[in-house]
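A quick write-up on the structure given underneath.
What follows is calculated from the coordinates using simple rules that are stated; it is not laboratory data. These numbers were taken from a predicted model, which means no experiment stands behind them. Using ideal geometry, Cβ is built from the backbone for each residue, glycine included, and neighbour counts are taken over all protein chains shown.
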């Protein structure tokens, strides 16, 4: 009797453990419906036609080299998450569509995950005035420093006092 119960329970447990190890894929950013951003044609498309076919861009360029061009970026990424591990980007595509000042498409560039670059962040801290106080100094630092003129009586209308404005 025990053997007949142990076998199905162990099979169910193994299947449950194996199914928990499947990666989860998630899409982020622009998801193309009927038209892909790569289908934009240089010279014939305009801002209005790109906007009507593709919708709003993920990001609009703010720091272009020259003021004569405007760039729209359509970004998409697929991330894979495996159990408790950090997510890994499986696929990334960025389509940059540049327009001249008349609104005509002048350049379409496609970038993938292989075109990405790592950026080193600067880990500096802004110094503060004064000295650093330990946790014990913070806890016991106010002992013996209580003002005696504010305890019992005194002017109640001072900041931190009991009365507040007009509390006489």
- request: Would you calculate the separation in nanometres between label points at residue 138 and residue 101, each defined as 7 Å from the Cα along the Cα-to-beta-carbon direction?
  value: 5.6
query: Could you list log10 I(q)/I(0) for segment 22-115 at q = 0.14, 0.16 Å⁻¹, which the Debye formula gives when each Cα is one point scatterer?
result: -0.56, -0.68
